[in-house]
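Enquirer: I am attaching a structure below and will ask some questions about it afterwards.
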Protein chains: 4
Amino acid sequence: MLIVMKPVATEGDVARVCRKIESMGYRPHPMPGAQRTAIGITGNPGPLEPAEFETLPGVAEAIPVSKPYKLVSRELKIDDSVIHVGPETGGFDIGGQELAMIAGPCAVESREQIFAAAESVCRSGARLLRGGAFKPRTSPYAFQGLGEEGLKLLAEVRREFGLLIVTETIDPENCDLVEQYADVLQVGARNMQNFSLLKRVGRSKKPVLLKRGLSATLEEFLMAAEYVLAEGNYNVILCERGVRTFADHTRNTLDLSVIPAVKSLSHLPILVDPSHGTGRRDKVIPMARAAVAVGADGLIVEVHPNADHARSDGYQSLYPDQFRELMREVTSIAAVLGRTTAWSPAELAAQN
Amino acid sequence: MLIVMKPVATEGDVARVCRKIESMGYRPHPMPGAQRTAIGITGNPGPLEPAEFETLPGVAEAIPVSKPYKLVSRELKIDDSVIHVGPETGGFDIGGQELAMIAGPCAVESREQIFAAAESVCRSGARLLRGGAFKPRTSPYAFQGLGEEGLKLLAEVRREFGLLIVTETIDPENCDLVEQYADVLQVGARNMQNFSLLKRVGRSKKPVLLKRGLSATLEEFLMAAEYVLAEGNYNVILCERGVRTFADHTRNTLDLSVIPAVKSLSHLPILVDPSHGTGRRDKVIPMARAAVAVGADGLIVEVHPNADHARSDGYQSLYPDQFRELMREVTSIAAVLGRTTAWSPAELAAQN
Amino acid sequence: MLIVMKPVATEGDVARVCRKIESMGYRPHPMPGAQRTAIGITGNPGPLEPAEFETLPGVAEAIPVSKPYKLVSRELKIDDSVIHVGPETGGFDIGGQELAMIAGPCAVESREQIFAAAESVCRSGARLLRGGAFKPRTSPYAFQGLGEEGLKLLAEVRREFGLLIVTETIDPENCDLVEQYADVLQVGARNMQNFSLLKRVGRSKKPVLLKRGLSATLEEFLMAAEYVLAEGNYNVILCERGVRTFADHTRNTLDLSVIPAVKSLSHLPILVDPSHGTGRRDKVIPMARAAVAVGADGLIVEVHPNADHARSDGYQSLYPDQFRELMREVTSIAAVLGRTTAWSPAELAAQN
Amino acid sequence: MLIVMKPVATEGDVARVCRKIESMGYRPHPMPGAQRTAIGITGNPGPLEPAEFETLPGVAEAIPVSKPYKLVSRELKIDDSVIHVGPETGGFDIGGQELAMIAGPCAVESREQIFAAAESVCRSGARLLRGGAFKPRTSPYAFQGLGEEGLKLLAEVRREFGLLIVTETIDPENCDLVEQYADVLQVGARNMQNFSLLKRVGRSKKPVLLKRGLSATLEEFLMAAEYVLAEGNYNVILCERGVRTFADHTRNTLDLSVIPAVKSLSHLPILVDPSHGTGRRDKVIPMARAAVAVGADGLIVEVHPNADHARSDGYQSLYPDQFRELMREVTSIAAVLGRTTAWSPAELAAQN
C-alpha cells in the first residue's frame, strides 16, 4: 500500500499517517518528493483497506501495490533520488546534474600505490576513489586485500586529496569495521542476494552502492535494493557491471538497456562499471561513452598507476592517462544530455 | 596466407602475385588499402611456404594466418572498409564519416503505409529505407510479407524519395528476385549461419547487411561474413541486433561491446539495430545514443507511420516524431566522435 | 480451431468437415487417433465461429486454440505419433516401444570409412545410420562434405547393411537431391528457423528430423515443427542437441528437461543427440543413459571407426567399442521404462 | 604442489612431510586414499621446488599443480570421497553405494507440517530430511522461515524418526546456531560465492552441502568447495540445482553434464536437486531418473504433505505419493548402475 499525500499536506498530516500505520503494527516509510510526500507501508501480511487511510487529513490517495517492490518504486517516489555522500557540508550528490566519477584501483595494495592512484584520478576530475581492502576472490589462495590496514590508508587518502571513499564490505560483521572508514559501502555482485549483508547495510547510516549480480534479472536487482530500503536506509545507488552470457569476446556482457529500464521503474540512481562489465582495458573507454550516452548517473572505473603489475584485475585497469582521456570523452557526451563532470567547459575546451 | 605488398608496388606486381596464386590452384583476394595492397589467399588446404611469394617483385611480406578468418581480418586490410551503396554516382558510403541512418517499417504493408513511412523518415534525415517484402516469422500463420508486390512498392519509393532500399532475402532462389530491387541485401539473424544463402549473396553485386545471430559468438559472426567475402563480394556491413540471454526486461540483450571488438579485429563497418536489440519502443532512443557513442557506423531503426496498427513489430517501432527526436540526439553525440548525419550544424542548432 | 470428431464418426463425416473447411478457403489437417479423429484448421486469418462446425454430423466439439501451434499440439492429437521410416514394408517406427538408435560418423568421408562405420554400428544394434554428405560448417574453408558422391555411398550402405539413412539437407534446392537418397531428412540446428527449408521439407514425402536451434525456446522449436506439418508432412521427429549457455565444461548444455516438456505439449517423438549436446566423447555415454531415463524416444550418436583421424567432430565421436558399451547400458535403462532396443534380453544378459 | 607418498610409506613418513611443510610457513593437507596418501600444500605464494620433498623418506613424487584448485582435485585424492553424516556410529555415508535420498519441504512451517512430511518421506525410504529454518527469499516481505523454532522442530523430528537433518545456514553468525542442530550444513546457490560463509563452514565439524550458483562455471563451483576444504573441513557434498539460461519452459536449466565433469576432476560426491532444477512438479520425476542414470550420488527433493498450501515453493514440491513413485523409479535405475537405495530388492519387486 502506498499513501500519496496532497501537495498541501502538512508535516503534521504526514506524522499522523505514520502513527496510524505504526499503531496497526506495520512500518511507515515517508518519502518526501518535490511536489508531494508519499508513504510506503511494509510489514503488512496482506492487502490493507484503502478507506482506512483515505479518510485522514492530507491524504490524496491510498494505492494498493502489485509489483513485488514498493520502496524502490517510482510509483512511491516520482522524483529521482539524489544520494548525498560525505559529510553534511561538502561531499557529493549522486544522481544530480554532475555525473559521479568513481575511479581507482581494484585493491589497495600499498601506501605508495593508493596515493599514486588517488593523486592521478583526483587530478583528472574524479570526486570519489574506489579501492578494496577486503576482496572477495574466486580462489582462496588469491590476494584477499590488506584488511583494516587498507581501510586506514583509504582514510589517509581522503584527508590528503578530499576524495570520498567507496569500498566493499563482505559480511555483516565486517560491515561494523568498514562503515567506520567508508563514505559509500559497496556490496559486490556475488553478494547481491546475500540477504544478511543487505539487511546489515540497510541499518547503516552510510550510502550503499549495490552491484547487479551476474545472473540477476531486473526484478531481482530491484528486490535486493528493496531489502536495504526496507531496513530504513534509503540511500542506495545501483550499479550495472555486466551479466553472464555465452558471449566470449568480453568477460561479461554489459547490459546497458538496464539503465533506462531502472529509470522507468525506480527513483534510484544507477551507475555503470565498464571495467568489470567488459574485463578488457581496450573496451573500457568506448563502453564508458555508451554508458553516459544511455543515461547513467556516473561511472565506476578501475585505474591503476602501474596496471601491468596490479595484484588483481590489472588487465582491465586503465592507465592514468587513459582515465584522463575517458574523462575528456564522457564530459563531451554528458554535455549533450545536459549533464556535467568536474571539468569546466574551459577545461574541456583546452583539452580538445 | 596474407601477401602484403610494398607501398611502391605497381598494379603489375599485384597482378603477377595473383596469377602465381591462381597457378597453384588457389584463389587470390587483392584488397587495396590507403598505403599498400594486401592479397589474401583462400582455397589452400594447408600452410603455404612464405618464400614462394617473398621472392616476387613488390612483395613486402608473406604472413601465415592463425585466426580462422582471413578476408574480414584487419590483418589483411588495415584501413576501415567503406561500402558504397547505390548507383555508381550518387548513393551513400557506409563506414564513412556520415553515419548510415536506415529507417522504416518492419514490413511493407501497403502503398499508403510505405509512402507515409518513407516520407517521414526522409524528412527526418534517413538516407536509406528499411522494409521487408519477405518476412521470416516464427509462426507459419503470421503475415509473411507482400512478396514481389512489396519489392515493387520499394522501387517506387526509391524513385519518389531518393532513398536507398535495404530489404531482406530469405533463401538462395529468393535472392534472384530481391537483388533486382534492393540496394542492400539483408541477411536476417536467423539466417546468419544459413551457409547456402551466405554463398548466394556472396555472388551478388549488391552489398550485404549481415545481422548477428541470436547466439552467435564474435568468431562465428565474423566467419559468417567470411563466407560472403570468400565468394568474392567484399561489400559486407555487419549489424548487432541483440543476443539471447536470461535477462527479461528487454526482448534481447544488445551487446554494444561487440562494436569495439569488431573494430579491432575487422575492417568491416558495423551498424546497430536498437529496435530488435531491445524489442521495446521506450528503450530505442537511449540505446541508439549509446550505439553511436560506442562507435557504430550507423543505425537501423524501425519506424512506422501508424505503429499501433503495424502488422508486425509494432511495439518496438518508433512513431515518426520519435525518430526525429532520435536523429536530433544522435547527431549531437556523433559530433563528439567527429562524425555526422544528414543534419547540418545549422539544422541541429535550430532544433536544440 | 480444432474440430474433435466423435469416436463413432465415419470417414464420410470426416471428409464432409474437411470439404466445409476448404470451401471457406482454409486448409484442413485430419489427424486420426486411436479413439477419435481430430481436424486442425490452418490458414484462417482470425478466430472462427465454433457453431459453424458443431452442427455437422460426427463432430463432438470445435475448440478455439490459444497456443500459437496447432498441428504439433497434443490438444489436436492426444496419442503419441509414431513415425514410420523406410519402405512401406520393413523399415522402423520412431516413437514406438523400441528406441530409435541412430549412429554413424559426422560426415561421409570415404567408401572405406562409411562401410566400416556402418558395419560396426549395425553389429552393435543401430537400425539407422547417420552421416552427412552436405555439412554446414562455421568456416568456409572447412571440409563441407562429399556431396552427391556421399549420398551414393549412403545408398550403397543401405543395400549392404539394411540400415536406414538419416542425412542432412541444407537448402530447398539441395533437398531435391537429398530426398532421392535419404530415408530421413535432417534439418540442422543452424537451420531450425530457415523457414524456406522448413516449407520445402514440409512438401517432401520423407520424414524429417528437426534439431533444436542453439538458442531456441520450446515454443520456437514447436513452431518450427509446425511449419513442416502446416505444409502437409506430419512425419516430424524432434531432436534436442544442446543449447548455448555460459557453461564451458561442455560445448553446449544438453537440456534434458525439454523431453518431458515436449511430451506434455506435443504428440511428436523426440530424440537426444548426446554427441553435439556435450561435444566431448567422455560425456556421451553418461548423457545417453540420462536421455533414455528421462524418456527420450531414441538417440542419435556420432561413432567413427577411426575417431582420432575424423575430418570433423572427431573429439566427440565414440570409438566403435564405446558405442557397443552405450547400447548395453541404455538397453538396461530402457527396460526400466518398459522400452527396448534391438538387443534381445538374452543378448543383454550375455553382455552383463 | 602435491606430495604423493609411496604405498609403503608409514604414518611417521607422512607426519615428517607435514612438519616440513609447516616449517616452511605453509599448510599441509594429508588425504589418505585406499592405496596411498597424498598431501596437498596451500598457502605458498608461488611454485615450490620438488626436490625439497622428493628426498624425504616415503615420498614417491612431488607434482606441481596447474589447476587453480588443489584439495578438491582428483589428482590429490584418486579415490571417491565418502562423506559420513551423523553420529560416529549409525548415520549415513554420502558417496557410497547407496544413493543419498534427501527429501522434505522447502521450509519448516509448523510442527504438524514437518512431522507429516518426515513421516511420509521416512516411510518411502529417505534417510535424510531437508527443511529450511532460515530461508533466503528474493523479497524482504516473503516468509523467511521460523528461525530457531524451526531448528528445534527439526531436532525433534530427528529423535522421532531417525532422519538426519539437512538445513541451510545463511551467514557466519547464523552458522553458530545452525551447526548445533543440523547434521549437514547447506550453503544455498545464492551464497555459493559468499566467501565469509564458506570460510565459516570450513571451520565447522559438520559436513557441508554446497549448491552450485545460478551462473557458476564448473571451475567456480570447485573453487567454492576449495574454500571450505582449505579451512580444514574436507566433508563437502556438491549439488547441481540448475543454472540460469534463456530457456523458459523450466525455472532453471538442470545441467546434468556437470555430474560426469565433476566426477572426472574431483573426488567429492555430487547430488542433484531436480525440484529447484526444474521449478515444476511435473518435471521432477523424469529429471530425478535422469540424474541417477547420469551417475549422481543422490537426490535432494522437495516433498510437502500439503503442497498446494505450502508457504514457499509449493508448485515444485512433490505430493507424498509422488515421492514414493520417484523412489520406485530411481531404485530401478540405480540397480543398472550397481547402486542401491533404502529399498530392498524384495520391496522393489513388491511395488512393481
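The values are calculated or read from the model by the stated rules, or taken from the named source; none is laboratory data. Keep in mind that this is a model prediction, so the values were computed, not measured. Counting neighbours? That spans all protein chains shown, and the Cβs are built from the backbone with ideal geometry, glycine included. Only protein heavy atoms, including side chains, enter the accessible area calculation; ligands, DNA and RNA are left aside. Shrake-Rupley method; radii C 1.70, N 1.55, O 1.52, S 1.80 Å.
Enquirer: Can you run phi through the Karplus equation (6.51, -1.76, 1.60; θ = phi - 60°) for the range C:90-106 and list ³J(HN,Hα) in whole Hz, with x for Gly and Pro?
Expert: x, x, 8, 9, 8, x, x, 5, 7, 5, 7, 10, 10, 9, x, x, 4
Enquirer: Note down the nm distance, to one decimal, between modelled labels 7 Å out along Cα→Cβ at A:A346 and at A:D282.
Expert: Inter-label distance under the simple model: 3.9 nm.
Enquirer: Also, quick follow-up: Please get the size of the charge dipole for the protein assembly as shown, origin at its Cα centre, with Cβ charges of +1 on Lys and Arg and -1 on Asp and Glu, quoted in debye to the nearest 20.
Expert: Around 0 debye, computed over the protein assembly as shown.
Enquirer: What is the antiparallel percent of DSSP beta bridges lying wholly in the protein assembly as shown, to the nearest 5?
Expert: Given both bridge residues lie in the protein assembly as shown, the antiparallel proportion sits at roughly 40 percent.
Enquirer: Could I ask something else about it? From the phi of every residue in the range A:163-173, what ³J(HN,Hα) in whole Hz does the Karplus formula 6.51 cos²θ - 1.76 cosθ + 1.60 yield, where θ is phi - 60° and glycine or proline is x?
Expert: Values per residue, Gly and Pro as x: 7, 7, 9, 10, 8, 8, 10, 10, 6, x, 5 Hz.
Enquirer: May I pose another question? List the residues of the range A:307-352 for which accessible area in the full set of protein chains is at least 10 Å² lower than for the chain on its own; 1.4 Å probe, protein heavy atoms only.
Expert: Checking the loss per residue gives A:S332, A:I333, A:V336, A:L337.
Enquirer: To one decimal in nm, how far is D:E61 from the same spot in the other copies, if labels go 7 Å from Cα toward Cβ? Please give the shortest first.
Expert: Label point to label point, same position, other copies: 4.3, 6.8, 7.4 nm.
Enquirer: If each label sits 7 angstrom from Cα along the C-beta direction, how far apart, in nm, is D:A142 from its counterparts in the other copies?
Expert: Counterpart label points of D:A142 in the remaining copies fall at 2.9, 3.2, 4.2 nm.
Enquirer: Check cross-link reach from A:K77 to the lysines: straight Cα distance under 17 Å, and skip same-chain residues fewer than eight apart.
Expert: A:K77 reaches A:K6, A:K67, A:K263.
Enquirer: Here's a follow-up. Amide H of D:A100 versus every other amide H placed in the peptide plane: which residues, excluding those fewer than 5 positions away on the same chain, fall under 5 Å?
Expert: D:G95, D:G298, D:L299
Enquirer: How big is the antiparallel share of DSSP beta bridges in the range D:144-271, given as a percent to the nearest 5? If you can, show how the numbers build up before the last one.
Expert: On the way: 1 of 13 bridges.
If I count the DSSP bridges inside the range D:144-271, around 10 percent turn out antiparallel.
Enquirer: How many angstrom lie between the Cα centre of the range D:272-323 and the Cα centre of the range C:151-166?
Expert: 44
Enquirer: Continuing with this model, one more query. Can you pull out the trypsin sites (Lys or Arg not before Pro) in the range A:161-229 whose DSSP state is coil and whose Cβ has at most 13 other Cβ atoms within 10 Å?
Expert: Hits after loop and neighbour filter: A:R203, A:K205.
Enquirer: FRET efficiency for B:A15 and B:H84, Cβ-Cβ distance as r, R0 = 35 Å, nearest 0.05? Before the final figure, lay out each step's value.
Expert: Details: r = 23 Å, r/R0 = 0.67.
Given R0 = 35 Å and the Cβ-Cβ separation, E is 0.90.
Enquirer: Quick check: from the Cα gyration tensor, does the protein assembly as shown come out rounded (a/c under 1.5), prolate or oblate? Provide the component values of the computation, followed by the final result.
Expert: Working: a/c = 1.26, a/b = 1.04, b/c = 1.21.
Verdict is rounded for the protein assembly as shown.
Enquirer: So how much accessible surface do D and C hide from each other in total, probe 1.4 Å, in square angstrom to the nearest 100? Numbers along the way, then the final one.
Expert: Details: alone 14790 and 14780 Å², together 26970 Å².
Buried area between the two chains comes out at roughly 2600 Å².
Enquirer: If I take every Cα pair under 8 Å that is 6 or more residues apart in chain B, average their sequence separation and divide by the length, what percent do I get for the relative contact order? It would help to have the intermediate numbers written out before the result.
Expert: Working: 754 pairs, mean separation 54.9, N = 352.
This gives 16 percent for chain B.
Enquirer: Whose amide H sits under 5 Å from the amide H of B:G145, counting only residues 5 or more places off or on another chain, with H placed in the peptide plane?
Expert: Those lying under 5 Å, H to H, from B:G145 are B:K135.
Enquirer: Can I ask one more? For A:R123 and A:A34, compute 0.36 nm times the residue count separating them, minus their Cα-Cα distance, and round to one decimal in nm. Display every interim value, and only then the final one.
Expert: Numbers: separation 89, 0.36 × 89 = 32.04 nm, distance 3.51 nm.
Stretched fully, the A:R123-A:A34 segment lengthens by 28.5 nm.
Enquirer: Where only protein heavy atoms count, and the probe is 1.4 Å, what is the accessible area per residue for the range D:2-63 in Å²?
Expert: Numbers: 3230 Å² over 62 residues.
It amounts to 52 Å² per residue over the range D:2-63.
Enquirer: When only C-alpha pairs under 8 Å and at least 6 residues apart count, what is the relative contact order of the range A:1-152, in percent? Walk me through the intermediate numbers first.
Expert: Numbers: 223 pairs, mean separation 27.3, N = 152.
Taking the mean separation of contacting Cα pairs over the length of the range A:1-152, I get 18 percent.
Enquirer: Next question, about the same structure. Just to be sure I understand the model, the point goes 7 Å from the Cα along the line to the Cβ. What's the resulting B:K6 to C:M24 distance in nm?
Expert: About 8.0 nm separates the two model spin labels.
Enquirer: Once you sort the root eigenvalues of the Cα gyration tensor of the range D:83-351 as a ≥ b ≥ c, which label holds: rounded (a/c under 1.5), prolate (a/b larger than b/c) or oblate (the other case)? Walk me through the numbers on the way to the answer.
Expert: Working: a/c = 1.22, a/b = 1.08, b/c = 1.12.
Rounded, since a/c falls under 1.5.
Enquirer: Springs between alpha-carbon atoms under 10 Å, Gaussian network over chain B: tell me which of B:Q193, B:Q144, B:Q316 tops the mean-square fluctuations.
Expert: B:Q144
Enquirer: What's the extension gain from C:N44 to C:Y319 if we count 0.36 nm per residue and subtract their Cα-Cα distance? Mind dumping the intermediate values first?
Expert: Numbers: separation 275, 0.36 × 275 = 99.00 nm, distance 5.14 nm.
Using 0.36 nm per residue and subtracting the Cα-Cα distance, I get 93.9 nm.
Enquirer: I would also like to ask the following. So which residue of C has the beta-carbon closest to the axis that swings C onto B, and how many whole Å away?
Expert: Whole-Å result, nearest residue of chain C to the axis: C:S215, 2.
Enquirer: For the range A:185-262 and the range A:77-114, compute the distance between their C-alpha centroids and round to whole Å.
Expert: Here the answer is 16 Å between Cα centres.
Enquirer: Please work out the Kirkwood hydrodynamic radius for the range A:2-63, using every pair of different C-alpha atoms, and report it in angstroms with one decimal place. Please report the intermediate quantities before stating the final value.
Expert: On the way: mean 1/r = 0.0878 Å⁻¹.
11.4 Å is the Kirkwood radius here.
Enquirer: Between B:E173 and the same site in the other copies, what are the distances in nm, shortest first, taking label points 7 Å from Cα along the C-beta direction?
Expert: Result for B:E173, in nm, nearest copy first: 1.0, 7.3, 7.3.
Enquirer: Same structure, new question: Have a look at the DSSP beta bridges in the range B:83-351 and tell me what percent are antiparallel, nearest 5. All intermediate terms of the calculation are to be shown ahead of the outcome.
Expert: Working: 4 of 31 bridges.
Looking only at bridges with both residues in the range B:83-351, the antiparallel portion is about 15 percent.
Enquirer: How large is the helix-only mean residue ellipticity at 222 nm for chain A, computed as the sum of -39500 (n - 2.57) over DSSP H runs with n ≥ 4, divided by its residue count, in deg cm²/dmol to the nearest 500? Could the numbers behind the result be given before it?
Expert: On the way: 12 runs with 124 residues, N = 352.
Roughly -10500 deg cm²/dmol at 222 nm, from the helical runs in chain A.
Enquirer: Mind grabbing the accessible area of B:E347 for me, 1.4 Å probe, Å², rounded to tens?
Expert: 70
Enquirer: If each of B:E148 and D:A142 carries a label point 7 Å out from its Cα toward its Cβ, how far apart are those two points in nm?
Expert: Distance between the two pseudo-spin positions: 5.8 nm.
Enquirer: Rounded, prolate or oblate: which fits the range B:64-182, taking a ≥ b ≥ c as square roots of the Cα gyration tensor eigenvalues, rounded meaning a/c under 1.5, else prolate when a/b beats b/c? Write out the running numbers ahead of the final one.
Expert: Values: a/c = 2.34, a/b = 1.41, b/c = 1.66.
It comes out oblate by the Cα gyration axes.
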